[in-house]
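I have placed the structure first, in the form of structure tokens, so that the comments after it can refer back to it.
The values are calculated or read from the model by the stated rules, or taken from the named source; none is laboratory data. Every value quoted in this text rests on a predicted model; they were computed, and no experiment measured them. In this analysis, Cβ positions are derived from the backbone assuming ideal geometry, glycine residues included, and neighbour counts consider all displayed protein chains.
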Amino acid sequence: MSLTLGLETTCDETSAAVVADGVRVCSTVVRSQIDLHAKFGGVVPEIAARAHLEILNAVIARAMEEAGVTAEQLNGVGVANCPGLIGCLLVGVAAAKALAFAWEKPLVGVNHVHAHLYATRLQQGTEIDVRPPAELWPALGLVISGGHTSMYWMDGFTQVRRIGSTIDDAVGEAFDKVAQILQLGYPGGPLVEQLARSGDPGAIQFPTSLLGRESLDFSFSGLKTAVLYYVNGSKGIQRDASALSRQELADVAASFERAAAEVLAAKCRRALDRQPAKSLLVGGGVSANGTIRTKLLDLGRELGLQVFLPAPIFCTDNAAMIAGLAAHELQSGHQHGLNLPVLATV
Ligand code: KG4
Ligand code: ZN
């Protein structure tokens, strides 16, 4: 059995995890900084970096303890070294380098976005099949999170080419903004989903943009503004969500969710029309959304391709996906030196 420690500090979650054989999650510890940033209405990079610095050692110790693993037993240390907030990345990468050096273990830097797609491989529990599915590549990858909404052609978990991304808001950002408009709180995605359950997804036809007939890019700012004008009146300043009944708010949430799911499925269909794939891999916080999962699974059934979605706890930012992808890289003979750089964008 091979054991990998993973660290994730790209944004506002401090996380460490131990994964066996690149697939079986032995422990995963995630400390969210939501409380620290809530009063600013978004993540403050300097505060996030400082918070990572304060708690990362304790989070790592907890992950090792929960897994019942000692440093000697580890086969490598993986860390997300891109993309992300630069100060935050530096904290995780400095910690990973120090541990790899002190424990004399190989170091592997991985791309956080590619790791979201690798999360489809992670499993918990006892009945675990570590064999990769036979018919995976080529695959279409879809990452839908608070920071990213992008599609990729994939010939492997690190042979990844971006073919489209959002030209304005990420879909998770749209969920968070809609939650704000509906006065639900932060982070918005799960709260919008919860409210949408009692709403009618066909109640309101919000306009969606596919950006012309050819584009594989996404745009969600128009949809977000349509929700704002619907709830707050024209120009978004006449009233607020308190003017609408609970049922009307639920209808807005459900109709928004349906519109977002339709755009994502339409773009995947467009990409797959152009180039066939054996599977569709989906990852990122928004892939926890039930309506979106169902829509993408339906698309896969219709087109005859397998759809892989992470277990809900591995959709949002976590170090298990980093450890898993790092283990996969180590197994392929790849590792980095102690000069591993951090990159805010890639
Ligand atoms: O992947 P993630 O943890 O962080 C980034 O890399 O951005 O994604 C966070 C995003 C947030 O915008 C959050 O509102 C959204 O994922 N999210 C959801 C759900 N759970 C989290 N959106 C829709 N439905 C959900 N159930
Ligand atoms: Zn993420």
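Quick notes on this structure:
- Candidates 280, 210, filtered to the one that is within 25 Å of the chain's Cα centre (by Cα), more than 16 Å from ligand 1 (Cβ to nearest atom) and buried (at least 20 other Cβ atoms within 10 Å of the Cβ): 280
- Contact map, segment 9-30: residues that are at positive phi and not assigned by TED's automatic domain parsing to the domain that holds residue 285 paired with residues that are of a type in the set (Ser, Thr, Tyr) and surrounded by fewer than 21 Cβ atoms within 10 Å (Cβ to Cβ), Cβ distance under 9 Å, separation 6+ or inter-chain. Pairs shown: 21/2; 22/2.
- Criterion violated by residue 55 - all others in (1) of a type in the set (A, V, I, L, M); (2) in contact with a Lys or Arg (Cβ under 8 Å, 6 or more places away or on another chain); (3) in a strand (DSSP E or B) satisfied: (3)
- If you go through segment 1-39 and pick out every residue that is part of a strand (DSSP E or B) and among the aliphatic types (A, V, I, L, M), you end up with 11.
- Some residue of segment 165-173 being at pLDDT below 95, within 16 Å of ligand 1 (Cβ to nearest atom), touching a Leu at 6+ places or on another chain (Cβ under 9 Å) and part of a helix (DSSP H, G or I): no
- Pair list, Cβ < 6 Å and 6+ apart or interchain, from segment 162-180 residues that are closer than 9 Å to residue 146 by Cα and outside the structural domain of residue 250 (by TED's automatic domain parsing) to residues that are at pLDDT below 95 and within 12 Å of ligand 1 (Cβ to nearest atom): none
- Residue within segment 131-138 that is assigned to a strand (DSSP E or B) and surrounded by 18 or more Cβ atoms within 10 Å (Cβ to Cβ) present: no
- Check on residue 236, surrounded by 15 or more Cβ atoms within 10 Å (Cβ to Cβ), within 16 Å of ligand 2 (Cβ to nearest atom) and not assigned by TED's automatic domain parsing to the domain that holds residue 325: no
- Some residue of segment 83-94 being over 24 Å from residue 312 (Cβ atoms) and in a loop (DSSP other than H, G, I, E, B): yes
- Residue in segment 17-25 that is within 16 Å of ligand 1 (Cβ to nearest atom) and either surrounded by fewer than 22 Cβ atoms within 10 Å (Cβ to Cβ) or of a type in the set (Ser, Thr, Tyr) (or both) present: no
- Some residue of segment 109-128 being in contact with a His (Cβ under 6 Å, 6 or more places away or on another chain), within 24 Å of residue 333 (Cβ to Cβ) and away from ligand 1 (no atom under 14 Å from the Cβ): yes
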